[in-house]
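Participant: The structure follows.
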Amino acid sequence: MNTDDLIAIDVHTHLEVSCWNPFDSYGEEYDRAADKYFRSTRRPTMAEALAYYRAQKVGFVMFCVDAEAQIGRRRIPNEEIAEAARDNPDIMIAFGSVDPHKGKMGAREVRRLIEEHGVKGFKFHPTVQGFEPYDRMAWPLYEVIAEYKLPAIFHSGHSGIGSGMRCGGGLRLQNSNPMLLEDVAIDFPDMQIVVAHPSWPWQDEAISLAMHKPNIWIDLSGWSPKYFPPQLVQYANTLLKDRVLFGSDFPLITPERWMKDFEEAGFRDEVKPLILKDNAMRLLRLGKYATPAEVPAA
């Protein structure tokens, strides 16, 4: 990624439309509920997302969410995202998503995505995927991610997915309490864990966890910064300024809107560059933070 040319790095974006798979209408009710909750119907293709981020001069991490066991919808191929990142390394990084219910077969896929497709991290959504993060079922996947010392992003807090549906679509918010990540952080100290979103209604739990465990980070995606809880801004400005990350949750929120609101949300001037780019460079080992083996040969 050409970090010198970028004004920011967005660590949390989704691909919602596949150009490889045929359209899968199964589970459409979840999309319609999310559209209503987020007041957005944007579903850009990969090409559209790339053009948008390049025009904004913002680098981005992109992933899908493999929730085939819980939702029953065919996932977007991880390889589709990895190929786009390979073809656009100046602006994009691919993360993978593998349903933890796939166990050892899932672990094999995680390894293949890293070794053969250059995936640089993974995304988990405990509410949508239907698992508790400390469930030993997911350990085989974590073991591979930790072996390669890659980061993993975990959805936390409330979920717009399922909101307003009968019984919330059967999805359990309790699975996304950030404190359920504590055992994961203890058992896998070499896996950097990103707690995604302001973790309402467990914001204080997320802050406490990040304060206590140095391999816990927080990304600020999914909310406009003008709605952030005051304690999140307070700790991002002070004790956690080196482990808070810019994320938008694109396409539901655009980085353009997020950064506009960020300027007026009470963040200190000296902290803004850390959140917008520098912390992500450290997490992803980019630019000056790359290890010698990761620096391209001249």
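Participant: Tell me which residues, restricted to region 144-174, are outside any loop (DSSP other than H, G, I, E, B) and among the polar types (S, T, N, Q). Give the steps one after another, and end with the answer.
Facilitator: Here is the first cut: in region 144-174, the ones outside any loop (DSSP other than H, G, I, E, B) are 144-147, 152-155, 166-170, 173-174.
Across region 144-174, the qualifying residue is only Gln174.
Participant: Oh, and also: Write out, first by first residue and then by second, each pair whose Cβ atoms fall under 7 Å of each other, whose residues are 6+ apart or on separate chains, and whose first residue, in region 167-180, is closer than 23 Å to Ile216 by Cα while the second is of a type in the set (Gly, Ala, Ser) and in a loop (DSSP other than H, G, I, E, B).
Facilitator: Matching pairs, first to second residue: Leu173/Ser159; Ser176/Ser156; Ser176/Gly157; Ser176/Ser159; Pro178/Ser156; Pro178/Ser199.
Participant: Is region 3-20 home to any residue that is aliphatic (A, V, I, L, M), buried (at least 22 other Cβ atoms within 10 Å of the Cβ) and either out of contact with any strand residue (DSSP E or B) (no Cβ under 8 Å at 6 or more places or on another chain) or within 26 Å of Pro100 (Cβ to Cβ) (or both)?
Facilitator: Yes, there is a match, as at least one residue in region 3-20 is aliphatic (A, V, I, L, M), buried (at least 22 other Cβ atoms within 10 Å of the Cβ) and either out of contact with any strand residue (DSSP E or B) (no Cβ under 8 Å at 6 or more places or on another chain) or within 26 Å of Pro100 (Cβ to Cβ) (or both).
Participant: For region 229-241, check the following and say yes or no: at least one residue is among the β-branched types (Val, Ile, Thr), under 19 Å from the mean Cα position of the chain (by Cα) and more than 15 Å from Thr13 (Cα to Cα).
Facilitator: Checked region 229-241: no residue is among the β-branched types (Val, Ile, Thr), under 19 Å from the mean Cα position of the chain (by Cα) and more than 15 Å from Thr13 (Cα to Cα).
Participant: Further, regarding this structure: When you look at Asp10, is it modelled with pLDDT of 95 or more, in contact with a Pro (Cβ under 7 Å, 6 or more places away or on another chain) and within 30 Å of Ala290 (Cα to Cα), yes or no?
Facilitator: Details: modelled with pLDDT of 95 or more: yes; in contact with a Pro (Cβ under 7 Å, 6 or more places away or on another chain): yes; within 30 Å of Ala290 (Cα to Cα): yes.
So Asp10 fits the description; yes.
Participant: Then there is this: Among the residues of region 77-101, what is the count of those that are closer than 18 Å to Thr45 by Cβ, of a type in the set (Asp, Glu) and part of a loop (DSSP other than H, G, I, E, B)?
Facilitator: Residues flagged as closer than 18 Å to Thr45 by Cβ, of a type in the set (Asp, Glu) and part of a loop (DSSP other than H, G, I, E, B) within region 77-101 amount to 0.
Participant: Among what's in region 258-288 and is assigned to a helix (DSSP H, G or I) and loosely packed, with under 15 Cβ neighbours inside 10 Å, pick the residue that is modelled with the lowest pLDDT.
Facilitator: Checking each candidate, the answer is Lys288.
Residue-by-condition table, conditions (1) basic (Lys, Arg); (2) part of a loop (DSSP other than H, G, I, E, B); (3) surrounded by fewer than 24 Cβ atoms within 10 Å (Cβ to Cβ):
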site: Ser221; (1), (2), (3): no, yes, no
site: Val233; (1), (2), (3): no, no, yes
site: Asp242; (1), (2), (3): no, yes, yes
site: Ser248; (1), (2), (3): no, yes, no
site: Ile253; (1), (2), (3): no, yes, yes
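Participant: Ok, one more. Val65 - would you say it is β-branched (Val, Ile, Thr), in contact with a Ser or Thr (Cβ under 7 Å, 6 or more places away or on another chain) and assigned to a strand (DSSP E or B)?
Facilitator: Against the criterion (β-branched (Val, Ile, Thr), in contact with a Ser or Thr (Cβ under 7 Å, 6 or more places away or on another chain) and assigned to a strand (DSSP E or B)), Val65 does not qualify.
The values are calculated or read from the model by the stated rules, or taken from the named source; none is laboratory data. This structure is a prediction, so every number in the text was calculated from the model and none was measured. Cβ sites come from the backbone with ideal geometry, for glycine too, and all protein chains shown count toward neighbours.
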